[in-house]
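Quick note: the coordinates plus some simple rules give every number you see, no bench work behind them. Here the structure is a predicted model, which is why all the values come from computation and not from measurement. All Cβ positions, glycine included, derive from the backbone under ideal geometry; neighbour counts span all protein chains shown.
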Amino acid sequence: MNQKPSAAFIGASWVALGVGMAGYLVGLWRSEMLLDEKGYYFTVLMYGLFSVVSVQKSVRDRLEGIPVTDIYYGLSWFSTILSITLLIVGLWNATLLPSEKGFYAFAFLLGLFGAIAVQKNTRDSQAIDRKDGPTN
C-alpha cells in the first residue's frame, strides 16, 4: 500500500456501514416481532460485524507477516459463515413477507461490507502514517 485510501472511498465505506446497520436496526425497531426475535436478529448483526472485522484483520495480518494462529484464522472464518447462516435460517423460518426478508438480508450484507471496508481503510491509513512518520 503506497497511499492512503481516498476520502471518497473512506466516506463510501462509512456510509455503507451506517446505512446497513441503521436500516437493519430501524427495521427491527419498527417490526412487530416479539422481543426475543428482535434480540436474535440484533445479536446476529453484532456477531456478524465483529466476525468480518476479525477475518479482515486476520487476513491482513497474515499478508503483512504478522503471526496469526491457524485456530484464530479458522474461527474468524467460521464465525463469519456462521453469522450469515444464522441470519439465513432465521429469515427462512420467520413469518415475514418476502420483501421484509430481502430487506434484512441486504441490510445485513451491506453492514458487513461496510465493516470490512472501514477496517481496511483504517488499517491502510495507519500503515501509511507509520511509514511517513510524525508530521510537524
Please give, to one decimal in nm, the separation of the simple spin-label points placed at D61 and V15, each 7 Å out from Cα toward the Cβ.
3.3 nm
Magnitude of the Cβ-charge dipole of the chain, K/R +1 and D/E -1, about the Cα centre, nearest 20 debye?
300 debye
Sum -39500 (n - 2.57) across every DSSP H segment of at least 4 residues in the chain, then divide by the residue count to get the 222 nm mean residue ellipticity, nearest 500.
-29500 deg cm²/dmol
Does region 8-126 come out rounded, prolate or oblate by the C-alpha gyration tensor, with a ≥ b ≥ c the root eigenvalues, rounded set by a/c under 1.5 and, if not, prolate when a/b is larger than b/c and oblate if not?
oblate
To the nearest 0.05, the calculated FRET efficiency linking L82 and Q126 through their beta-carbon distance, R0 being 22 Å, is 0.15
Leaving out same-chain residues fewer than 8 places away, which lysines sit with a Cα under 25 Å from that of K38?
K101
Residue-by-residue Karplus 3J(HN,Hα) for region 72-85, coefficients 6.51, -1.76, 1.60, Hz, glycine and proline x
5, 4, x, 5, 4, 5, 4, 4, 4, 5, 5, 5, 5, 5
Hz values of 3J(HN,Hα) by residue in region 2-17 - Karplus curve (6.51, -1.76, 1.60), Gly and Pro given as x
10, 8, 5, x, 5, 4, 5, 5, 4, x, 4, 5, 5, 5, 4, 4
Separation in nanometres of the label points that stand 7 Å from Cα toward Cβ, at V68 and A8:
2.9 nm
